[in-house]
Amino acid sequence: MAFEMSSSAVNLPNDPQSMIAALTQEIEASLIAVRRDLHAHPELAFEEVRTSGVVARELTRLGIAHQTGIAKTGVVGLIEGGRPGPVLAIRADMDALPIEERTGLVFASQHAGLMHACGHDIHTTTLLGVAAVLQRLAPSLAGTVKLIFQPAEEAIGGAERMISEGVLEAPHVDIAFGFHNYPHIPVGEFSYCPGPALAAADTFSISVHGKSGHAAHPYAAIDPVVAAATLITQLQTVVSREVKPLHPAVVTVGAIHGGTAANIIPDTVTFIGTVRTLHAEAQDVAEAAIRRLCAGAELSMRVRCDVAYQRGVPALLNDDRVLEPVVAAVRHQLGEVIHRRDPSMGAEDFALMSQKVPAFQLGIGSGSPGRADRLHNSDYQPDEACIGLGVQALSRAALELLA
């Protein structure tokens, strides 16, 4: 499963495009073997013990200095360039999902109920490939590359913990980029989105308290079911009538619980949901509106509402200072294969790094011909050719940012 690169520079092309392509080709088959090993052994958030062990083993084999145990299972490697310059962080996530795999692949998950259904095995392997290429190119780099292998992205907690434990310091990170595989983009293509690219993700839980009673005599009770149903309907007006039309927002109720029988009005109904926004102003408007609608329900329907509103990760902001050179580097390395995409209301915690330093997240096409895969699906089968292509794109981007 391990991969090694020849130490000889004989026959290695001099131009960056051919050099990176040749170095990637040398390790591509081994990278795919590493990916399949990781795929067969998925681990959940903060439990990526075996995965981080594979990462540490490969960094050791490559001669890259690294630290383990950051944010419990995170790994950080460091490649020193031949000349002084800025510190570039490249981040990959490592955790899997609690999904039963149904791909039927020979390297399918060996752990019941767990699967790499978001492609983090692809991400981890891709960054290992980038590490191998950049280690060979280190003498030509003006600066330092910090390789961040992050746990617990799916739990939306790994980045925050790594940042709190100093991953952006010692040495201080000046710029960062991340990447994500996208199965709705054909393999061989890439994407970018200027500005807010992924949404802030807030969650809420609202408990509506009434007075229980017989369903045949609702006047003697205070019905939290009707109040909750009214509130859920009213929440849709947050987007349609409160948030600016040019500020995308989503308010979704994902679950509702209350009652035990058809002829009993319950005491309490609880529902939970999420708010997704791309702009801080819309985030504030949405929270204030939800709280105000709950206060109105208390007055008009005689219930009591307990509102728990939790701010989650912020919007992921792509900085033009990083985006533009990375997009140009992808074109230099692979041609006209990168295209602008619309923002997504999905979320991920690389956004926290984008709030700290100029950052950019690259979209890497992973869609296999003839398939229509989607992330977080039990039959997700990304095209493994995206690994080598991602290695080339990210390596070239690092080389040009640290030119």
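Here is how the numbers come out for the structure above:
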item	result
Förster radius 60 Å - calculated FRET efficiency between Arg57 and Asn263 (Cβ-Cβ, nearest 0.05)	0.45
Using alpha-carbon coordinates, inclination of helix 320-334 to the longest axis of the chain, degrees	50 degrees
Long-range amide H partners of Gly82 with built H, under 5 Å	Ser140, Leu141, Gly143
Which of Tyr192, Tyr380, Tyr309, Tyr219 has the fewest Cβ neighbours within 10 Å, and the rest in rising order	Tyr219, Tyr309, Tyr192, Tyr380
Cys with no candidate disulfide partner in the chain (beta-carbon separation under 4.7 Å rule)	Cys118, Cys193, Cys386
Rounded to 5, the percent of DSSP beta bridges in the chain classed as antiparallel	65 percent
From phi via Karplus (6.51, -1.76, 1.60), per-residue ³J(HN,Hα) for the range 216-222 in Hz, x at Gly/Pro	7, 10, x, 5, 8, 10, 10
For peptides 179-187, 244-252, sequence by mean Cβ density within 10 Å, most packed first	179-187, 244-252
HN-Hα J in Hz across the range 50-63 - Karplus 6.51, -1.76, 1.60, θ = phi - 60°, x for Gly and Pro	5, 4, 5, x, 5, 4, 4, 4, 5, 5, 4, 4, 7, x
Amide H contacts of Val87 (H built 1.01 Å from N, under 5 Å, at least 5 apart or other chain)	Thr144, Asp174, Ile175
Potential lengthening between Ala403 and Arg321 on full extension [0.36 nm per residue; Cα-Cα distance subtracted]	28.0 nm
Residue-span extension gain [Ala215 to Ala112] - 0.36 nm each, minus C-alpha spacing	32.7 nm
3J(HN,Hα) from dihedral phi, the range 114-127, Karplus parametrisation 6.51/-1.76/1.60, rounded to Hz, x for glycine, proline	10, 7, 7, 8, 10, x, 5, 5, 5, 5, 4, 5, 4, 5
Loop-located GluC sites (Glu not before Pro) in the range 61-158, at most 15 other Cβ atoms within 10 Å (DSSP)	Glu100
Under 5 Å, built H, 5+ apart or other chain: amide partners of Lys211	Ile222, Asp223
FRET efficiency, 1/(1 + (r/R0)^6) with R0 45 Å, evaluated for Ala328 and Ala295 via beta carbons	0.30
Potential extension, His172-Ser205 segment - 0.36 nm per residue separation minus Cα distance	8.1 nm
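Only the coordinates and a few stated rules stand behind these numbers; no lab work does. Computed from a predicted model, the values in this text were never measured in an experiment. Heads up, the Cβs are rebuilt from the backbone with ideal geometry, glycines too, and the neighbour counts pull from every protein chain shown.
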